[in-house]
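The values are calculated or read from the model by the stated rules, or taken from the named source; none is laboratory data. Please read these numbers as outputs of a predicted model, since none were measured by experiment. Please note: Cβ atoms are built from the backbone with ideal geometry, for glycine as well, and neighbour counts cover all protein chains shown.
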Number of protein chains: 2
Amino acid sequence: MTHGGNIYEIEKRTGIAKDSILDYSSNINPLGVPDGLKKIICDGIDDLTKYPDINYHELKDSIAQYYRLSVEDILVGNGAAQIIFDFINAVAPRNTLIVQPTFSEYERALNIGGKNIIHYFLREEDSFQLNVDNLLKYLAADKSIDMVIICNPNNPTGRLISKGEMMCIIDFCEENNIFLIIDEAFMDFADEMGIHTLMNECKKYKNLMVVRAFTKFYGIPGLRLGFGVTSNLDIKNRIELLSLPWNINTFASYFGRILLSEDKYVANSFKWLKNERVNFFNKLNEIKVLKVFSSETNFVLLKLLENNYTAKTLQANLLKRGILIRDCSSFKGLNEKYIRLAVKDGASNERLIKELKSIIKEKNTWINKC
Amino acid sequence: MTHGGNIYEIEKRTGIAKDSILDYSSNINPLGVPDGLKKIICDGIDDLTKYPDINYHELKDSIAQYYRLSVEDILVGNGAAQIIFDFINAVAPRNTLIVQPTFSEYERALNIGGKNIIHYFLREEDSFQLNVDNLLKYLAADKSIDMVIICNPNNPTGRLISKGEMMCIIDFCEENNIFLIIDEAFMDFADEMGIHTLMNECKKYKNLMVVRAFTKFYGIPGLRLGFGVTSNLDIKNRIELLSLPWNINTFASYFGRILLSEDKYVANSFKWLKNERVNFFNKLNEIKVLKVFSSETNFVLLKLLENNYTAKTLQANLLKRGILIRDCSSFKGLNEKYIRLAVKDGASNERLIKELKSIIKEKNTWINKC
């Protein structure tokens with residue numbers, strides 16, 4: 001299994017201390033843990049002596065209030081991954097279409113249950129943007145498909161499908177009795193005004209599950225917290241029957257307490273992202289041996305146009321300089337020429353750009369093109 | 001689903017503030033969170049911005065070192081419950097014998113997979129002590145049983161099966177190709193010298209899985225951390241394939257760092273338990289309308305001998321006085337006359353005894369017997 005952010009394995013393998021690694025491989029908000037959450041954790045350590053609320057009422061209430069959802073439509077989980085695993089188990093689909101390249105855990109969850117998978121590939125010539133008409137034609141032609149999984153914005157391509165386009169997919173799925181999972185793990189970064197999320201459509205569409213993570217936007221992958229939205233009571237009950245008791249730890253269960261009061265953290269995050277993204281992407285674009293795919297979120301997919309370099313060799317070279325990037329060759333539908341970079345703070349981005357340019361200069365074959 | 005410790009539901013239902021409830025329904029060490037862990041959490045808040053090590057090497061190494069196990073035999077999970085759920089999924093037994101009354105999650109985990117269950121009941125006339133010969137005769141007579149689950153010491157009866165007796169069961173299971181799960185969630189309280197645990201037998205027996213929790217002994221149910229020991233590589237690989245990525249949060253993954261240095265906490269815990277258990281059980285024994293079953297761990301099963309009182313009515317009456325006890329009527333093999341009490345600190349135990357006596361005095365029917 002390959003994922004970004006595995007600085008522990010890197011430390012073990014290379015001997016480079018994990019705390020000294022500048023990690024461009026995991027897509028986490030560089031603003032760090034919100035101050036409100038730090039206070040709640042420090043104040044709440046003695047609460048570890050109590051079991052968490054097995055029903056997580058307080059957390060669900062806060063999520064419902066913040067995103068204007070019905071509390072009864074919310075499921076909370078030990079990371080968004082748990083919601084996805086449980087939803088797949090509860091639906092038990094026969095044939096699932098996954099829009100690829102994408103997050104590998106959908107495929108793993110389906111494989112565990114021995115479910116059949118159809119990989120539907122985005123194309124480089126479309127800049128990895130989904131052509132909705134083509135997808136719907138594909139679905140219309142294969143009546144055996146009873147589940148579709150789409151990550152939006154998509155990891156690792158960074159592309160956003162607009163709400164208008166997604167609604168065509170949702171309508172089609174509802175009419176044709178296809179379950180649709182939309183993983184919006186990175187939506188917070190892309191959708192400042194909340195116009196592209198489909199959470200609020202879950203009330204109307206029984207076959208729709210939207211999955212969200214707090215992990216990335218709030219800089220807390222270590223806390224393990226995600227949620228799902230569905231108004232399908234039958235599926236929701238089945239998921240609750242399936243799931244582990246007390247699946248969320250005490251600190252994660254208190255996250256709702258800060259969610260409603262971290263306006264400043266949210267505003268600062270958008271300010272950082274707006275400034276840094278354009279700046280970083282422009283700088284990357286100046287490096288001619290890199291093809292930068294446009295991204296609406298906090299990471300970017302790149303293709304190495306130079307024959308002498310693969311994602312693996314570039315990763316190894318950058319790692320010697322203390323920087324970890326994501327080699328995307330393990331993503332279905334990509335190959336050894338693709339890498340993914342997170343957007344980080346200005347100083348880190350400068351450092352990465354500098355190191356990239358320096359590596360490229362060292363290679364004679366690259367130098368003339370830069 | 002009914003469990004002890006649900007002070008959130010109690011608060012919602014009764015309006016009694018959860019922080020004011022003296023909770024005798026959950027079996028947690030009253031010494032609180034170890035100081036070393038508090039420091040690690042406060043110092044480590046910024047580490048939430050990193051994904052936990054997906055393989056949890058550091059944690060597994062510490063567990064292996066502390067309990068003298070092979071690191072490759074250790075599985076870590078989001079609470080002991082996850083280990084149990086995953087082991088059952090990985091083995092996929094046809095017929096599982098559960099020694100009842102016991103923790104309800106074994107049955108739930110089997111029900112989720114649609115697995116057949118045989119309930120083997122401990123008897124009150126044996127003081128709920130397992131008769132190993134009878135169990136082995138039962139297993140010999142029904143060749144369809146391919147998994148056995150035993151909680152040792154058992155929840156809610158508090159009885160310990162000695163290592164010598166357990167070894168007869170293990171040998172029988174190994175010879176007859178029966179998988180055996182031994183849940184030692186409460187073993188730390190019962191086994192100061194480490195002579196009754198079966199963790200160290202896992203190396204020799206391929207069909208054995210021992211499950212442990214840090215939750216109870218270290219006073220941290222809110223952190224979610226348990227582990228399992230098995231040398232069955234095939235099953236271990238299957239569990240790793242099945243399980244969620246990053247299933248343990250950052251703080252829980254750091255628990256190993258204190259495990260090796262909390263000698264004082266451990267010593268104080270045994271000191272507290274030795275003093276308080278005898279004292280508390282003696283006081284409870286003085287109340288003649290209560291039958292106190294002997295217990296080797298940090299909680300005790302009681303039977304209400306008075307017709308006018310059920311576990312439900314006693315629970316309601318004590319709750320008015322701010323004390324929550326465990327009504328055991330939901331346990332298979334028990335009924336509305338059974339309650340379970342945790343052993344807490346001396347002052348709390350005094351208070352509970354006083355309130356129990358006061359309730360009993362109020363009832364004319366009880367008064368003469370006390």
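Structure notes:
- Residue in the stretch A:300-312 that is among the β-branched types (Val, Ile, Thr), surrounded by 14 or more Cβ atoms within 10 Å (Cβ to Cβ), outside the structural domain of A:Gln129 (by TED's automatic domain parsing) and closer than 14 Å to A:Leu341 by Cα present: yes
- Hits in the stretch A:79-88 (condition: within 18 Å of A:Asp146 (Cα to Cα) and either within 9 Å of chain B (Cβ to nearest Cβ) or among the charged types (D, E, K, R) (or both)): A:Phe85, A:Asp86
- Residue that is nearest to the chain's Cα centre (by Cα), among those in the stretch A:202-244 that are part of a loop (DSSP other than H, G, I, E, B) and among the polar types (S, T, N, Q): A:Thr215
- The requirement of being assigned to a loop (DSSP other than H, G, I, E, B) and small (Gly, Ala, Ser) is fulfilled nowhere in the stretch B:250-259; no residue meets it.
- Some residue of the stretch B:80-89 being surrounded by fewer than 21 Cβ atoms within 10 Å (Cβ to Cβ) and over 14 Å from B:Met209 (Cβ atoms): no
- Candidates in the stretch B:198-234 are the residues that are β-branched (Val, Ile, Thr) and in contact (Cβ under 8 Å) with a residue 40 or more places away in the chain; of these, the one that is farthest from B:Leu75 (Cα to Cα) is B:Ile220.
- The residues of the stretch A:326-349 that are touching a residue at least 24 places away in the same chain (Cβ under 8 Å) and under 19 Å from A:Leu273 (Cα atoms), listed by number, are A:Arg340, A:Leu341, A:Ala342, A:Val343, A:Lys344, A:Asp345, A:Gly346, A:Ser348, A:Asn349.
- Of all the residues in the stretch B:89-112, those that are within 14 Å of another protein chain (Cβ to nearest Cβ), in a helix (DSSP H, G or I) and either under 18 Å from B:Tyr205 (Cβ atoms) or polar (S, T, N, Q) (or both) number 3.
- Single condition B:Ile360 does not satisfy, out of (1) within 20 Å of B:Pro153 (Cβ to Cβ); (2) in contact with a helix residue (DSSP H, G or I) (Cβ under 6 Å, 6 or more places away or on another chain): (1)
- Which listed residue, of B:Asn152, B:Asn176, B:Asn200, is buried (at least 23 other Cβ atoms within 10 Å of the Cβ), more than 14 Å from chain A (Cβ to nearest Cβ), touching a helix residue (DSSP H, G or I) at 6+ places or on another chain (Cβ under 9 Å) and of a type in the set (S, T, N, Q): B:Asn152
- The stretch A:48-65: number of residues that are surrounded by fewer than 20 Cβ atoms within 10 Å (Cβ to Cβ) and either farther than 22 Å from A:Pro245 by Cα or more than 28 Å from the chain's Cα centre (by Cα) (or both): 1
- Filtering the stretch B:29-41 to residues that are without any contact (Cβ under 8 Å) to a residue 24 or more places away in the chain and at the interface with chain A (Cβ under 8 Å from one of its Cβ atoms) leaves only B:Lys38.
- Among the candidates A:Arg68, A:Arg108, A:Arg94, residue that is on the phi > 0 side of the Ramachandran plot, basic (Lys, Arg) and at pLDDT 90 or above: A:Arg68
- Yes/no for B:Asp234 being of a type in the set (D, E, K, R) and farther than 18 Å from B:Ala109 by Cβ: yes
- Here B:Ser26 meets the list (1) facing chain A (nearest Cβ under 9 Å); (2) crowded, with 21+ Cβ neighbours inside 10 Å; (3) out of contact with any Lys or Arg (no Cβ under 8 Å at 6 or more places or on another chain) almost entirely, failing just condition (3).
- Filter result for A:Lys332 (at pLDDT 95 or above, of a type in the set (D, E, K, R), part of a helix (DSSP H, G or I) and within 27 Å of A:Pro156 (Cβ to Cβ)): no
- Selected residue (criterion: nearest to the chain's Cα centre (by Cα)) from residues of the stretch B:245-285 that are among the aliphatic types (A, V, I, L, M) and more than 11 Å from chain A (Cβ to nearest Cβ): B:Leu273
- B:Lys271 being over 30 Å from A:Ala252 (Cβ atoms) and not acidic (Asp, Glu): yes
- Checked against (1) under 26 Å from the mean Cα position of the chain (by Cα); (2) buried (at least 20 other Cβ atoms within 10 Å of the Cβ), B:Ile45 meets all criteria but (1).
- Any hit, the stretch B:201-215, residues being on the phi > 0 side of the Ramachandran plot and modelled with pLDDT under 95: no
- Note on the stretch A:52-80: residues that are touching a strand residue (DSSP E or B) at 6+ places or on another chain (Cβ under 7 Å) and in a loop (DSSP other than H, G, I, E, B) amount to 3.
- Odd one out for A:Phe172, checked against (1) in contact with an Asp or Glu (Cβ under 9 Å, 6 or more places away or on another chain); (2) farther than 24 Å from A:Ala80 by Cα: (1)
- Across the stretch A:1-21, the qualifying residues are those that are within 12 Å of chain B (Cβ to nearest Cβ) and not in a helix (DSSP H, G or I), and the one among them that is modelled with the lowest pLDDT is A:Met1.
- One residue stands out in the stretch A:226-244 among those that are more than 7 Å from chain B (Cβ to nearest Cβ) and surrounded by fewer than 17 Cβ atoms within 10 Å (Cβ to Cβ): the one that is modelled with the lowest pLDDT, namely A:Glu240.
- Any hit, the stretch B:161-172, residues being in contact with a strand residue (DSSP E or B) (Cβ under 9 Å, 6 or more places away or on another chain), surrounded by 14 or more Cβ atoms within 10 Å (Cβ to Cβ), outside the structural domain of B:Ser295 (by TED's automatic domain parsing) and at positive phi: no
- Filter pass, B:Lys288 being more than 14 Å from chain A (Cβ to nearest Cβ), part of a loop (DSSP other than H, G, I, E, B) and either touching a Leu at 6+ places or on another chain (Cβ under 6 Å) or surrounded by fewer than 18 Cβ atoms within 10 Å (Cβ to Cβ) (or both): yes
- Unique residue being more than 19 Å from B:Tyr8 (Cα to Cα), under 22 Å from the mean Cα position of the chain (by Cα), surrounded by fewer than 20 Cβ atoms within 10 Å (Cβ to Cβ) and of a type outside the set (Val, Ile, Thr) when the list is B:Glu336, B:Glu355: B:Glu336
- The stretch A:42-76, subset closer than 28 Å to B:Gly44 by Cβ and charged (D, E, K, R), residue nearest to the other protein chains (Cβ to nearest Cβ): A:Asp53
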